[in-house]
Amino acid sequence: MTIAALFLILFICMMMGMPVAMALGLSSVLTILLFSDDSLASVALKFFENLSEHYTLLAIPFFILSSSFLSGGGVAKRIIRFAIDAVGHIRGGLAMASVLACMIFAAVSGSSPATVAAIGSIVIAGMVKAGYPKEFGAGVVANAGTLGILIPPSIVMLVYAAATEVSAARMFMAGFIPGIMMGLILMIAIYIVARIKNLPAQPRASLREFIAGFASASGGLLLIVIVLGAIYGGIASPTEAAAVSAVYAFFVVCFGYRDIGPMKNIPWRKQGEGVSSVVLRNTGQILVALPKCTRDEEVRRTIMDAAKVSIMLLFIIGNAMLFAHVLTTERIPHIIAESIIAWGLPAWGFLVVVNILLLAAGNFMEPSAILLIMAPILFPIATALGIDPIHLGIIMVVNMEIGMITPPVGLNLFVTAGITGENLQWAIKAALPWLILLLFFLILITYVPQISLFLPELIDNLKGYN
């Protein structure tokens, strides 16, 4: 009765057009009030405890702030230039460069929509000018942008780690090889299509241009080394590394590249005139004291935008965790787990059911909410069937990738439609052919667990050996 009431209220609220976060919270409160022995007074306390008890979730606003600085600055442009220098000379190289740029930017942002917005707003127009069909470029970027939640660090992986209490660091390790593999699959497909459609190639970059492009993008590339190196090396937790990434992104964008902030368009003086001396480009006036970048309107706006996104996401997570709390207190996951195990369903059959459920949910809900609802239900069943929790996590993340480009709530589709000036139906049509590759990749990830588990197990063995 409690199970039916909880999900029935949730579906009714969502069908009425209520925001997902509010639907989750309201269904949880009504179920506790009408069908549960739990105290209603504990709802507010549990709502805040869910966020305060999970230290891993603190990394989310830091990664969002880091992504906001990098998206607002010129980091994406420099990464794109480096990617074009690296693979642009291959047939279809500009589209392949957009995939490579998405992979790199994913490793510094952790967000799929941010990756599409930062890379797509530049490369789609560039591909059209170079002779690529606009629909082709939009479809490639919409799909490649999904790597933002698969290549570590990933906000969605942090949510899964908080929901199941598995290691966020091991989740990051597990996503590294699948992320690179998915990027390579997209590049191979682009090359085949480019040969068939005779798409253009860019002039080959000289060694000097390649080195210059790498040096220009090194500010963003170094962030990957700092964050992942600190996590994998055991120097910092994911939350600590996220905090470092936010501070690093601030200084790189404001004082390194000077794309935003009061230092914008103020070049450093020639070497030997003092490290802190700067000269105004127009007047030649020397400024010895560096102004505080936080006073600048661009920086304030960037921080406020990141804060709004963080508050929205954490509100969804808080309500979803309250929903998961009701599931747990009513022993709903255990009841479902016992029922499925009693059916004698094998592990491979259970994974088929998991993929169908997640693909269906991805059409209507935001990834973080899906994970926080489904993970507590699926986790004990997977454990009982001998499925590794890390492997299950990567399967869920790949399903969330597909949900990013499936209507009606595919976030990447809305971003793609916005940056191209087209409608949602056009964006769906552009992304649809590439969706087949993601579905093929999902099958690989589901039934070849070593793709996900090889790197975590390797690092565990190396640590044990040392």
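The values are calculated or read from the model by the stated rules, or taken from the named source; none is laboratory data. Bear in mind that the values here come from a model prediction, so they are computed numbers and not experimental data. Neighbour counts are summed over all protein chains in view; Cβ atoms, including those assigned to glycine, are modelled from backbone coordinates with ideal geometry.
So, of the residues in segment 98-121 that are β-branched (Val, Ile, Thr) and out of contact with any Ser or Thr (no Cβ under 9 Å at 6 or more places or on another chain), which turns out to be nearest to Gly88 (Cα to Cα)? So the residue we want is Val99. Looking across segment 430-457, the residues that are under 23 Å from Met365 (Cβ atoms) and of a type outside the set (A, V, I, L, M) come down to Trp434, Phe441, Thr446. The requirement of being surrounded by 12 or more Cβ atoms within 10 Å (Cβ to Cβ), part of a helix (DSSP H, G or I) and modelled with pLDDT of 75 or more is not satisfied by Ala201. Here the condition is being at pLDDT 85 or above, surrounded by 12 or more Cβ atoms within 10 Å (Cβ to Cβ) and in a helix (DSSP H, G or I); of Ile303, Ile373, it holds for Ile303 alone. Within segment 431-452, the set of residues being over 18 Å from the mean Cα position of the chain (by Cα), of a type in the set (Ser, Thr, Tyr) and within 12 Å of Met181 (Cβ to Cβ) is empty. Please work out which residue is surrounded by the fewest Cβ atoms within 10 Å (Cβ to Cβ), limiting yourself to segment 106-164 and to residues that are among the polar types (S, T, N, Q) and over 12 Å from the mean Cα position of the chain (by Cα). Per the criteria, the residue is Ser121. The single residue among Ile381, Ile402 that is within 23 Å of Ala106 (Cα to Cα) and in a helix (DSSP H, G or I) turns out to be Ile402. Selection over segment 225-243 of residues that are aliphatic (A, V, I, L, M), assigned to a helix (DSSP H, G or I) and without any contact (Cβ under 8 Å) to a residue 40 or more places away in the chain gives a count of 3.
The set of residues in segment 8-38 being surrounded by fewer than 16 Cβ atoms within 10 Å (Cβ to Cβ), under 22 Å from Leu314 (Cα atoms) and in contact (Cβ under 8 Å) with a residue 12 or more places away in the chain consists of Met22 alone. Identification of helices (runs of 4 or more DSSP H) wholly contained in segment 93-166 with 1 or more residues that are touching a Phe, Trp or Tyr at 6+ places or on another chain (Cβ under 6 Å) yields 112-129, 134-144, 155-164. The single residue among Ile149, Ile155, Ile124 that is of a type in the set (A, V, I, L, M, F, W, C), touching a Lys or Arg at 6+ places or on another chain (Cβ under 8 Å) and touching a residue at least 60 places away in the same chain (Cβ under 8 Å) turns out to be Ile124. Based on this model, can you work out whether Arg208 counts as part of a helix (DSSP H, G or I), surrounded by fewer than 24 Cβ atoms within 10 Å (Cβ to Cβ) and in contact (Cβ under 8 Å) with a residue 24 or more places away in the chain? So Arg208 does not fit the description; no. Taken together, the residues in segment 77-92 that are over 16 Å from Pro200 (Cβ atoms) and β-branched (Val, Ile, Thr) amount to 2.
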